[in-house]
Amino acid sequence: MKRIFSGVQPTGNLHLGNYLGAIRHFVALQHDYDSIFCVVDMHAITLWQDPTELRAHTREITAAYLAAGIDPKACIIFNQSQVPAHAELAWIFNCITRIGWLNRMTQFKEKAGKHRENASSGLYVYPNLMAADILAYKATHVPVGEDQKQHLELARNVAQKFNYDYEVDFFPVIDPLILGSARRVMSLRDGTRKMSKSDTSDMSRINMTDDRDAVAKKIRKATTDPEPMPGPDVLDTEGELPEETRKQRPEAYNLLGIFATLEDRDLRAVLTQYEGAQFSQFKKDLTDLAVSRLGPMGEEMKRLKDDPDHVDSILRDGAERANAIAQPIVRECQEIVGFLRP
Ligand code: TYM
């Protein structure tokens, strides 16, 4: 069976973008693939994390996976640092990836900010660890939001260059799965920025554990524009929203995309329903929809927060199974490279 690998960083504030762009797809795909879902704690520390919070957030992401409906018996759920193969393979990839490739990574530039000299070297080689995550399992399919596309292209290049340099056909070609109309959920305050865990304004995102009042308030206050709502004629013949059109009313189309995805309908149907309406009614409907979809998940996450032993036992079991797959692959890779194991 084809294999999926994907991961989420335990850096707090898990939000609607993470759910709609990624976790929701994990749930939908889990039975069609051999599926491995990771909590990438080693990636998280590329920016400093409080150790107590890192542990809590690691359990929180695990709880989100479970609450969203990932079956820990059918899939593997574990946290990255428990499986040494990730770090071992990442080192080899540090020696394969060219510095020029890393210099092109937009996410490094965003995260490092103005003081690039002061960023951790881990943040710089972050994409190599991500390539190692996937390739330690020879996974072929990687469901992610659009912001990870460039990293996956690099992972693909690393695999190819390794095969070429060592004249082997060892690592497979990676296929990103960037699916649905919420590939890039934007901030509720500014439709030109993506919804992000690290945005300093909590009003910019809907967190997975927000209660009804918080969701209602955030949607009510979400930035929109004074025009009535657009109709289906804004779509192209394929039913897609042209980028130029999106840019004209980014906040409006963001909310519409969220609505369509939460309701599992296509954008055309939603545009037809609300054509010419005012945002106030739409926002009320969106609130009801978001609360009905996210509410039960948030509740289950809170319940699991009080049962850390259960969550830990899933991570322990997952790590054992992950290790059993990754270790032999990475050992073989080390042999190809020429590491002596006398
Ligand atoms: P992270 O933790 O930033 O995000 C987790 C997943 O959520 C998606 N996502 C979004 N999707 C739509 N709209 C948004 N506003 C939005 N924000 C985040 C991300 O694309 C991602 O799929 N580098 C990864 C974690 C990672 C990984 C991997 C992923 C590490 N190793 C191997 C896949 C395979 C990250 O930082 O995701």
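The values are calculated or read from the model by the stated rules, or taken from the named source; none is laboratory data. The structure presented is a predicted model; accordingly, all values stated were derived computationally and were not measured. All Cβ positions, even for glycine, are placed from backbone atoms using ideal geometry, and neighbour counts span all protein chains on display. These area figures cover heavy atoms from the full protein model, side chains too; ligands, DNA and RNA do not enter into them. Shrake-Rupley method; radii C 1.70, N 1.55, O 1.52, S 1.80 Å.
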Taking region 19-34 only, how many residues are part of a helix (DSSP H, G or I) and either open to solvent by less than 30 Å² (accessible area, probe 1.4 Å) or touching a helix residue (DSSP H, G or I) at 6+ places or on another chain (Cβ under 8 Å) (or both)?
10
Restricting to region 152-175, count the residues that are within 13 Å of the ligand (Cβ to nearest atom) and open to solvent by 10 Å² or more (accessible area, probe 1.4 Å).
3
In region 15-59, anything under 22 Å from R184 (Cα atoms), without any contact (Cβ under 8 Å) to a residue 60 or more places away in the chain and in contact with a Ser or Thr (Cβ under 7 Å, 6 or more places away or on another chain) is listed as F37, A44
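Residue-by-condition table, conditions (1) over 30 Å from I61 (Cα atoms); (2) surrounded by fewer than 19 Cβ atoms within 10 Å (Cβ to Cβ):
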site	(1), (2)
R249	yes, yes
A260	no, no
R265	no, yes
L271	yes, no
D285	no, yes
G295	no, yes
K302	no, yes
Q334	yes, yes
Looking at region 117-130, which of its residues are closer than 17 Å to I174 by Cα, among the aliphatic types (A, V, I, L, M) and more than 8 Å from the ligand (Cβ to nearest atom)?
none
Does K138 meet the test of being within 28 Å of D312 (Cα to Cα), out of contact with any Leu (no Cβ under 7 Å at 6 or more places or on another chain) and either open to solvent by 50 Å² or more (accessible area, probe 1.4 Å) or charged (D, E, K, R) (or both)?
yes
Just to check your reading of the model, which residue among Q9, Q30 is near the ligand (Cβ under 9 Å from one of its atoms) and among the polar types (S, T, N, Q)?
Q9
Return yes when Q148 is within 13 Å of the ligand (Cβ to nearest atom) and free of Cβ contacts under 8 Å to residues at least 40 places away in the same chain and no when it is not.
yes
Does region 192-239 hold any residues that are in contact (Cβ under 8 Å) with a residue 24 or more places away in the chain, assigned to a loop (DSSP other than H, G, I, E, B) and open to solvent by 80 Å² or more (accessible area, probe 1.4 Å), and which are they?
T192, S198, D211, E227
Residues in region 60-118 that are among the hydroxyl-bearing types (S, T, Y) and in contact (Cβ under 8 Å) with a residue 60 or more places away in the chain total 2
From the set of residues in region 1-18 that are open to solvent by 10 Å² or more (accessible area, probe 1.4 Å) and in a loop (DSSP other than H, G, I, E, B), which is modelled with the lowest pLDDT?
M1
Mind telling me which of the residues S196, S201 ends up being over 15 Å from the mean Cα position of the chain (by Cα) and within 15 Å of the ligand (Cβ to nearest atom)?
S201
